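Student: I have a structure here, written as structure tokens, and I will follow up with some questions on it.
The values are calculated or read from the model by the stated rules, or taken from the named source; none is laboratory data. For clarity, every value in this text was computed on a predicted model and none was experimentally measured. Please note: Cβ atoms are built from the backbone with ideal geometry, for glycine as well, and neighbour counts cover all protein chains shown.
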């Protein structure tokens, strides 16, 4: 039995037969990057080692794919069989990974949303799966770009959308709705049939009844439970068939007085039976949140060098959590000394990756209160990477603080389809951000076993791009100045960097095409809440000469 520091909720793991495949499986290759975070486990690690610390200085631009889309390009890049797949809001592209020539393009008309963001596709069985700004999930033929199915999982009139990159496994597609900062919107996690899009199961992150609902004691029609949405991606343990989901903050974001209690299952890591949607266990790293501190990034499932299985969860509160995935035994029915094993989660450490100030200071309706990380701080949509050989976790982090003054409770009223935060100025619903002259970022390396910081590099702007460790001893990422960067994984010194001309907030991956290892970056983040210039969305590919 693995060591456990704290147990929260234990649930028996039911056994379920696997369904027979409906779609033609794709033979996994070391050169593929089939999901938002590379693999089902979400480690953001590439076993490719052609590009190393010794030769990375020779890396050069191989090709560029240009689009006409000026959007908040935060798409992860998926690579399968040498083809790259990306999304630019309502358009999906297939690109030759060696030449950057477009293979096909699919545009689906949809109403514009404020952020104009989509985080990419999942690949499985010759199909692609993606969400939309009007809360649909699409099934697309990966070879031709033909739309095969289109199903709604939310209501955009309520402020719901599906910007996350789905996950796909065992003929199921996993996705959920965003919008948990909108009045009355709660999170829902879906398993859809990969062939048809039909709902197989649904899990409500804020249940309608039972013990979890009782953790919202002041719930009423005028103060409905709100939050727990998902908006990045998930992770899955193939051996046990367990889906791991990180959930968003409760709302109103800043007003604890309206929602005392644990507000389950917001700001949590959920472990669900991927075949049935049954909750196996959960852990809530952030309780009584009043800073909009989602457990935002998708979790990563790793095994340390000493064999300890962990969930690595990075949150907007600036902490990177090492959470043990253990088993605990309870007496089985029928007597005879038989034991039944259950999954249990326990926090081993929480390591700060950015500045943390005034984290316990209460907010007030009398004056502004400044806290760090802010509501756009900590670790956002791109989560941790794990370098297996060294046992090191890498994260990008945001150092940007927020000031909030609460609206008086007697004047605070929610409206469906609008933000429900409790800030007194509706023009700054998520608080007043520090001027950009005060913002910065971090790239942090953490010992996966102990949580100790191994190295830390400060950057001039927040770090929000994807980060990827490789077997070549490198860590690749990008910054909001538009540079693609390679760090020495062991030492943290920069070994190579190249300008792209646009802010990078999307995926940075390693993949193989044309018999060569390549690096690809999603360039061109333009956002009303991130004051940077990205230009049109484009994918830049690098390779050794």
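Student: Run residue 262 past the list (1) within 30 Å of residue 428 (Cα to Cα); (2) not in a loop (DSSP other than H, G, I, E, B) and report the number of the one that doesn't hold.
Tutor: (2)
Student: Now for a different question. Can you tell me which condition residue 498 does not meet? The list is (1) touching a residue at least 60 places away in the same chain (Cβ under 8 Å); (2) assigned to a loop (DSSP other than H, G, I, E, B), and all the others hold.
Tutor: (2)
Student: Another question, then. With the requirement that a residue be under 26 Å from the mean Cα position of the chain (by Cα) and under 19 Å from residue 257 (Cβ atoms), what does segment 410-439 give you?
Tutor: Scanning segment 410-439 gives 419, 420, 421, 422, 423, 429, 430, 431.
Results for (1) in contact with a strand residue (DSSP E or B) (Cβ under 7 Å, 6 or more places away or on another chain); (2) on the phi < 0 side of the Ramachandran plot, shown as yes or no for each residue.
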position	(1), (2)
348	yes, yes
351	yes, yes
356	yes, yes
364	yes, yes
373	yes, yes
378	yes, no
382	yes, yes
389	no, yes
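Student: A further question follows. Does segment 423-444 include one or more residues that are modelled with pLDDT of 95 or more, under 13 Å from residue 392 (Cα atoms) and out of contact with any helix residue (DSSP H, G or I) (no Cβ under 6 Å at 6 or more places or on another chain)?
Tutor: There is at least one residue in segment 423-444 that is modelled with pLDDT of 95 or more, under 13 Å from residue 392 (Cα atoms) and out of contact with any helix residue (DSSP H, G or I) (no Cβ under 6 Å at 6 or more places or on another chain).
To keep it simple, each residue is scored yes or no on (1) within 14 Å of residue 253 (Cα to Cα); (2) buried (at least 24 other Cβ atoms within 10 Å of the Cβ); (3) in contact (Cβ under 8 Å) with a residue 40 or more places away in the chain.
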residue: 289; (1), (2), (3): yes, yes, yes
residue: 308; (1), (2), (3): no, no, yes
residue: 313; (1), (2), (3): no, yes, yes
residue: 317; (1), (2), (3): yes, yes, yes
residue: 320; (1), (2), (3): no, yes, yes
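Student: While we're on this one: Would you call residue 506 assigned to a strand (DSSP E or B) and under 26 Å from residue 119 (Cα atoms)?
Tutor: no
Student: Can you tell me which residue among 363, 343, 348 is at pLDDT 95 or above and not in a loop (DSSP other than H, G, I, E, B)?
Tutor: The conditions single out 348.
Student: What single numbered condition from (1) modelled with pLDDT under 95; (2) farther than 21 Å from residue 401 by Cα; (3) crowded, with 16+ Cβ neighbours inside 10 Å fails to hold for residue 296?
Tutor: Here residue 296 meets the rest and fails (2).
Student: What number goes with the only condition from (1) within 29 Å of residue 419 (Cβ to Cβ); (2) surrounded by 24 or more Cβ atoms within 10 Å (Cβ to Cβ); (3) in contact (Cβ under 8 Å) with a residue 60 or more places away in the chain that residue 194 does not pass?
Tutor: Only one criterion is unmet by residue 194, namely (1).
Student: Residue check: is residue 442 touching a strand residue (DSSP E or B) at 6+ places or on another chain (Cβ under 6 Å) and touching a residue at least 12 places away in the same chain (Cβ under 8 Å)?
Tutor: Yes: the conditions hold for residue 442.
Student: Within segment 117-142, track down each residue that is closer than 22 Å to residue 535 by Cα and surrounded by fewer than 20 Cβ atoms within 10 Å (Cβ to Cβ).
Tutor: Hits for segment 117-142: nothing passes.
Student: Run down 195, 214 and say which single residue is part of a helix (DSSP H, G or I) and out of contact with any helix residue (DSSP H, G or I) (no Cβ under 6 Å at 6 or more places or on another chain).
Tutor: 214
Student: Collect the residues in segment 108-128 that are out of contact with any strand residue (DSSP E or B) (no Cβ under 6 Å at 6 or more places or on another chain) and at pLDDT 95 or above, keeping them in residue-number order.
Tutor: 108, 119, 125, 126
Student: Regarding residue 453, is this residue surrounded by fewer than 17 Cβ atoms within 10 Å (Cβ to Cβ), at pLDDT 95 or above, more than 22 Å from residue 56 (Cβ to Cβ) and in contact with a strand residue (DSSP E or B) (Cβ under 7 Å, 6 or more places away or on another chain)?
Tutor: yes
Student: Restricting the first residue to segment 251-271 and requiring it to be on the phi > 0 side of the Ramachandran plot and buried (at least 24 other Cβ atoms within 10 Å of the Cβ), which pairs with a second residue that is modelled with pLDDT of 95 or more and not in a loop (DSSP other than H, G, I, E, B) meet a Cβ separation below 9 Å and a spacing of at least six or different chains?
Tutor: 263/215; 263/227; 263/250; 267/227; 267/246; 267/250
Student: Does residue 240 satisfy the condition of being touching a strand residue (DSSP E or B) at 6+ places or on another chain (Cβ under 9 Å), part of a loop (DSSP other than H, G, I, E, B) and closer than 21 Å to residue 137 by Cα?
Tutor: no
Student: Further question: Considering segment 82-94 alone, what residues qualify as being part of a strand (DSSP E or B) and over 10 Å from residue 513 (Cβ atoms)?
Tutor: Matches in segment 82-94: 85, 86, 87, 88, 91, 92, 93, 94.
Student: Which one is farthest from residue 274 (Cα to Cα), of the residues in segment 207-223 that are surrounded by 13 or more Cβ atoms within 10 Å (Cβ to Cβ) and free of Cβ contacts under 8 Å to residues at least 60 places away in the same chain? Can you show your working first?
Tutor: Of the residues in segment 207-223, the ones surrounded by 13 or more Cβ atoms within 10 Å (Cβ to Cβ) are 207, 212-216, 219, 223.
Retained after the next criterion (residues that are free of Cβ contacts under 8 Å to residues at least 60 places away in the same chain): 207, 212-216, 219.
Details: 207: 18, 212: 20, 213: 23, 214: 26, 215: 25, 216: 27, 219: 30 Å.
Restricting to residues being surrounded by 13 or more Cβ atoms within 10 Å (Cβ to Cβ) and free of Cβ contacts under 8 Å to residues at least 60 places away in the same chain, the top hit is 219.
Student: Related question: Look through 30, 57, 79, 62 and report the one residue that is in contact with a strand residue (DSSP E or B) (Cβ under 8 Å, 6 or more places away or on another chain), over 16 Å from residue 539 (Cβ atoms) and not in a loop (DSSP other than H, G, I, E, B).
Tutor: Unique residue meeting the criteria: 57.
Student: Does at least one position in segment 386-409 carry a residue that is part of a loop (DSSP other than H, G, I, E, B), under 23 Å from residue 320 (Cα atoms) and over 22 Å from the mean Cα position of the chain (by Cα)?
Tutor: Within segment 386-409, one or more residues are part of a loop (DSSP other than H, G, I, E, B), under 23 Å from residue 320 (Cα atoms) and over 22 Å from the mean Cα position of the chain (by Cα).
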